[in-house]
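Notes to accompany the following structure.
Coordinate-derived values only; no laboratory data. These numbers were taken from a predicted model, which means no experiment stands behind them. Cβ placement follows ideal geometry from the backbone for every residue including glycine, while neighbour counts extend to all protein chains displayed.
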Amino acid sequence: MAKKDNLTEHLKTHFGFDTFKGNQKAIIENVLAGNDTFVLMPTGGGKSLCYQLPSIMMEGTAIVISPLIALMKNQVDAMRNFSEEDGVAHFINSSLNKSAIDQVKADIMAGRTKLLYVAPESLTKEENVEFLRNVNISFYAVDEAHCISEWGHDFRPEYRRIRPIINEIGKRPLIALTATATPKVQHDIQKNLGMIDASVFKSSFNRSNLYYEVRPKDENVDREIIKYIKANEGKSGIVYCLSRKKVEEFADILKANGIKALAYHAGMDSGQRSANQDAFLLEKADVIVATIAFGMGIDKPDVRYVIHYDIPKSLEGYYQETGRAGRDGGEGQCIAFYAYKDLQKLEKFMQGKPVAEQEIGKQLLLETAAYAETSVCRRKVLLHYFGEEYLEENCGNCDNCLNPKKQVEAKELLSAV
Ligand code: ADP
Ligand code: MG
C-alpha cells in the first residue's frame, strides 16, 4: 500500500498526472523489481512513462534506445518540462557535435542524467560502447521495439545489434515497448532481445473512438478528399500518400483549393520539414499531407481525421497511421481510398528485392487487401490481426457496421498479387 502511494506521488511530482493509465502501474512495478518487461500497448497508450518514471526512481542512468532523432528531441523536451531537476534527460545521436556529446557525457558521469536516449547507430559506435561500460546503468529500454522484426512496419537492421551490444556494455534488466502486437512480431522481438521469459503486458488494441471506412478510389478521389476537408474546416487532419511526389502534388492541390495544407516527407530539406511539422502542431496549418515518414512519436492529441490517399503496404502500418487520430479520446475518422490497381503497383515496386523480402511484402499486402475488401466489421478484422478477438456483433463505428452491404465475391487475390 505504501509503495502504491509512493508511486502515485512520484507520478504527480514528476509528470503532473493523478492516476496511471491502463496497466502502466503494474508495468512500472515490474521494472522497479528488476525484471525483464515486454509492453504491447497501442499508440497513445502511454508507453514512455513506463520507463521514464522508473528511471527517475532508480539509481543510475536508464538507456533508452529509440529510432528517430526527431522523436528523441520531442521526448527529452517533454521530460524537461515535466521535471523540476535540470538535466534529467539527455540524448546522443548524430545531430550532436563532439563538444555537445562531451557535455552530455560529463553530465552522465556527474550522475545528473536519469535517462539517456540513444539511436541504435550511436549505441553501436565503439567510443560510445567504451563510455557506457563505465556508466552505472539502471536498465535498458528498447522503444519502438518492432523495428527489430522484418514483420514489423518499420524494420531497421541496426536494431538487431542491440542485444549483442548490451551484452558488451553490461547486462541489466530490459524493457521493450511497441504498439505492434502481431504474434509474429512479438515472437521476433522477444527472441532477438533474448527476453523470451520476460513478463508480458498486453493492452487491448481497440480504439473505440476511431471510425474506420474504406472508399473505392476512382478519378474523383481528389475532389472527394477536398470536399471532406472543407466539410471539416478548422479541424486537424493528416493525408497519407505513398510517394513523395504525390505528397507534393496533393499538398499543392489542397492549397490551390484554399485549404491550409503543408507537405511532409523525408526527401524535403530538414529545416523545411520541421517547420511544416511545427506549423501543424501549432495549428498554423490544418492539414499535413505526408508520407509515412510523418507521425512516429508525434503527439498531437486532437487530430480529427486520417485519410489514406493510397492503400498502405501493411495493415500494421495502417493501424499505426490511423492511430494518430483521436489520441485525446475524441472523435477520429479514418478513411482509406482503395483501388485494386494500387495494390498491383505496390507489388511491382517490390520486384528486384530479395525473394524473402518480397514474400513478406506480398503477404502483408494480401492482408491489407482482405481488410479493404471485407464486408465484416473493420474493427473486428483489425483486432484479429493483432491476435485479439472482438466479440461485439456491431461496433457501431465503421462503415460496414453502420451500412451493412451484401456479401461481395472476394477477388482471387492470391493468383493476382
Ligand atoms: P505511446 O508511446 O504509447 O504512443 P506516449 O508515451 O507518447 O504514448 O503517451 C501518450 C500521451 O499520454 C502523452 O501525451 C502522455 O503525456 C500521456 N500520458 C501518459 N501517461 C499518462 C497518465 N498516467 N495520465 C495522463 N496522461 C498520460
Ligand atoms: Mg511511444
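Descriptive notes on the structure:
- Listed by chain and number, the lysines whose C-alpha is less than 23 Å from the C-alpha of residue 255, apart from same-chain residues fewer than 8 away, are 217, 227, 230, 235, 245, 246, 284, 300.
- Rounded Å value of the spacing that divides the Cα centres of region 19-56 and region 270-292: 30
- By other beta-carbon atoms within 10 Å, ranking 382, 242, 281 with the fewest at the front produces 281, 242, 382.
- Put the Cα centre of region 91-107 next to the Cα centre of region 309-375 and the gap is 38 Å.
- Relative contact order [Cα under 8 Å, 6+ residues apart], the chain, whole percent: 15
- Three semi-axes of the equivalent ellipsoid, region 254-340, Cα gyration tensor, whole Å, largest first: 20, 16, 14
- Segment residue 77-residue 370, extension gain: residue separation times 0.36 nm, minus the distance between their alpha carbons: 101.4 nm
- Across every direction, the projection of the convex hull enclosing the Cα atoms of region 145-217 has a mean area of 6.8 nm².
- Along region 115-132 the Karplus relation, 6.51 cos²θ - 1.76 cosθ + 1.60 evaluated at θ = phi - 60°, assigns HN-Hα couplings of 9, 10, 8, 10, 7, x, 4, 6, 4, 7, 5, 3, 5, 6, 4, 3, 4, 5 Hz to successive residues, with x for each Gly and Pro.
- Separation of region 166-192 from region 245-266 is 38 Å, based on Cα centroids.
- In terms of other Cβ atoms within 10 Å, 153, 384 run from fewest to most in the order 384, 153.
- With bins 10 Å wide beginning at 0, the percent of Cα pairs of region 287-417 falling in each bin runs 11, 38, 37, 13, 1.
- Exposure proxy ranking for 314, 55, 208, based on other Cβ atoms within 10 angstrom of each Cβ and starting from the fewest, stands as 208, 314, 55.
- Positive-end residue, the chain charge dipole about Cα centroid, Cβ charges, pick of 361, 186, 10: 361
- Only alpha carbons enter this Debye calculation for the chain, each as an equal point scatterer, and the log10 of I(q)/I(0) it gives at q = 0.13 Å⁻¹ is -1.20.
- Taking 10 °C and 1.306 mPa s as conditions, region 339-379 diffuses translationally at an estimated 144 µm²/s according to Stokes-Einstein applied to its Kirkwood radius (Cα pairs).
- Residue-averaged 222 nm ellipticity for the chain, from DSSP H runs of 4+ at -39500 (n - 2.57), nearest 500: -12500 deg cm²/dmol
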